[in-house]
1. Let me know the volume per residue of the alpha-carbon convex hull for the stretch 50-106, in Å³.
2. In terms of modelled amide H atoms, which long-range or inter-chain residues lie less than 5 Å from the amide H of Ala52?
3. How large is the charge dipole for the stretch 1-47, taken about the Cα centre, if only the Cβ atoms of Lys, Arg (+1) and Asp, Glu (-1) carry charge, to the nearest 20 debye?
4. Quick one: Debye curve from the C-alpha atoms of the chain, no solvent, what's log10 I(q)/I(0) at q = 0.11, 0.13, 0.15 Å⁻¹?
5. Just to confirm the number: angle between the C-alpha axis of helix 122-139 and the first principal axis of the chain, 0 to 90 degrees, nearest 10?
6. Collect residues whose amide H, placed 1.01 Å from N in the peptide plane, falls under 5 Å from the amide H of Leu192; neighbours closer than 5 in sequence don't count.
7. Work from the charge dipole of the stretch 3-203 (Cβ charges, +1 for Lys and Arg, -1 for Asp and Glu, about the Cα centre) and give the residue of Ala127, Leu95, Val158 farthest towards its positive end.
8. Could you please tell me the mean projected area of the C-alpha convex hull for the stretch 1-101, averaged over all directions and given in square nanometres to one decimal?
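What follows draws every value from the coordinates through simple rules; no lab data is involved. Computed from a prediction, not measured in an experiment: that's the story for all the values here. Cβ coordinates were reconstructed from backbone atoms using ideal geometry, including for glycine residues, and neighbour counts include every protein chain displayed.
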Amino acid sequence: MATNVILVRHGKTPTTGSVLPGRAPGLHLADSGREQAEAVAQRIAEWGKIGAIYASPMERTRETAAPIAKATGLRVRTSKGLIECDFGDWTGRKLSDLRRLKSWKTVQHSPSSFRFPSGESFTEMQARITEQIAALVARHPGETIVAVSHADPIKAAVAHAAGTHLDLFQRYLISPCSLSAISYSQAGPFVLTINSTGSAGHLGG
């Protein structure tokens with residue numbers, strides 16, 4: 001039996017697109033992010049029966065998952081494996097400053113060889129998110145579940161499912177409160193949709 005995993009990126013925060021927040025605590029959704037979370041909750045509620053909802057431990061992911069839980073009548077379970085990449089010394093820095101670093105090109109074009117100073121490598125991040133998803137799939141055979149996470153882990157999970165090398169995972173765009181769905185079966189993973197931000201009907205069957 002196939003298990004469908006709906007990966008949801010958290011909604012917009014006051015620093016989205018300007019700062020690399022990483023795992024720093026205290027970052028909450030902006031008003032627009034809360035509106036996005038309400039909208040994505042309705043989309044997921046129209047998908048069909050949802051077996052479980054999991055979220056990264058960060059505030060912004062749990063706040064995104066809360067309306068989904070309300071719309072589906074489920075509770076949010078915390079899953080540490082869905083957490084954001086550990087950006088180490090880069091945490092909290094402005095993206096405009098980071099883009100000036102020589103290592104920024106490595107992050108964009110050869111991420112498999114990069115480790116954030118005092119933080120996690122992209123390879124470790126991908127292994128973590130894929131192992132976590134595999135554990136959730138094993139826990140929910142034949143069900144559809146929701147996993148609320150962050151842009152880079154979701155891109156890494158999609159790349160793994162699609163058979164894309166990690167060095168190319170930056171080519172995937174994962175927008176705030178977008179849906180990316182992967183079906184896992186004995187035949188292997190099948191990517192159903194990536195970065196879907198449209199209506200519920202756009203998700204198809």
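1. Per residue, the Cα convex hull of the stretch 50-106 comes to 118 Å³.
2. Val146
3. 200
4. -0.47, -0.66, -0.89
5. Result, in degrees: 10.
6. Result for Leu192 returns Ala181, Ile182, Ser183.
7. Positive-most Cα among the choices belongs to Leu95.
8. Its average projected convex-hull area is 7.5 nm².
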